[in-house]
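Heads up: the structure comes next, in structure tokens.
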């Protein structure tokens, strides 16, 4: 990109209106061009005035609590030591869709970590804890489903990516299995290319396996009605 | 920690402290910019839940590493924070637009609404006047881009103007806006 071309693009960049490839090319140019940096800085000041001109709304206290809570619970960079944590964090970074657990007729022992507050902090704490264990589910379904859990903390999460369409009016439902007794921990409603996460809080020592089956949507079933399409045994919990 | 409590730390200093993971500095920064960031997201998304998510994302991004990436050669901290907020809001608007693409019967009427609505909602008299002084095509291009989250290509498609024309209008509009605001009283601090 020539300097003149960059010059033309800066206003569009300052209001986030460029095509992605134009924006990337401009960023590269600006990195090495003092004059364009100054121009961009000046136009960002102007754009900031467009923001400041909007009517000002007081943010809810919950926003403050969440933002500060997440900062406090988060150690900063460098905490990722395991490869699975690295991919999970990468997935989390590209805006995962956090899906609350549907309240199907579940065993009471399994409660959801529904508090929106600090959910991300919990996720990261779980992913980076040295006592967390992880298993990858395998079976006939397409996609990748991992289960990460910390037996001591009684917290776990199911991370599902790339699951195909379960079929009309169907959902994927996730079960923890104790002996022959499956307990639902919720349903996964994957969008195209999205990563879906379910939080689980329970005493994992009671369970030997985790499985996913296809069930009628949107709420799932009280007990599995089909054979599992994915499953894994849980390590070190018996 | 008490010794560090310097309420007068400027924004740049706060960002430096945040880069060192200083939670107190982060709290101060939030208290300065939580309102403006949330208000921008509200103005663009018109949905308090979505706006909260965007605002939270902005601040967590700052905490997580953006503060380290801050470069004062690229503008003052306030403009930079608001540009982060704008960027995230635009992403959210576009994501939502893609999701609702099936019920797409948007017409030019929507554009007029976005422009009129955005201008009506402006409280800052300075900005309102400066925008009002632009040629209508320039104003439309700028408002659709900044408040509506449309790309130049989308604005060209929606207004029927050639892409090059839209780029020129946006550029001239923003430059004129800058000149008007600078002539008025120069860049403001929060």
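Where a number appears in this text, it was derived from the coordinates with a stated rule and is not lab data. If you're wondering where the values come from, they're calculated on a predicted model, not measured in any experiment. Cβ: placed from backbone, ideal geometry, glycine included. Neighbour counts: every protein chain shown.
Take the alpha-carbon centre of segment A:121-179, take the same for segment B:14-77, and report the distance between them in whole Å.
Using only Cα atoms, the two centres lie 31 Å from each other.
How do the peptides B:144-152, A:227-235, A:133-141 rank, highest first, by the average count of neighbouring beta carbon atoms within 10 Å per residue? Intermediate results must be reported in sequence, preceding the final value.
Numbers: B:144-152: 25.8, A:227-235: 17.3, A:133-141: 15.6.
Ranked from most to least packed, the peptides come out as B:144-152, A:227-235, A:133-141.
Partner chain Cβ atoms within 10 Å, averaged over the residues of A:13-25 - can you pull that number for me?
Average per residue, whole number: 6.
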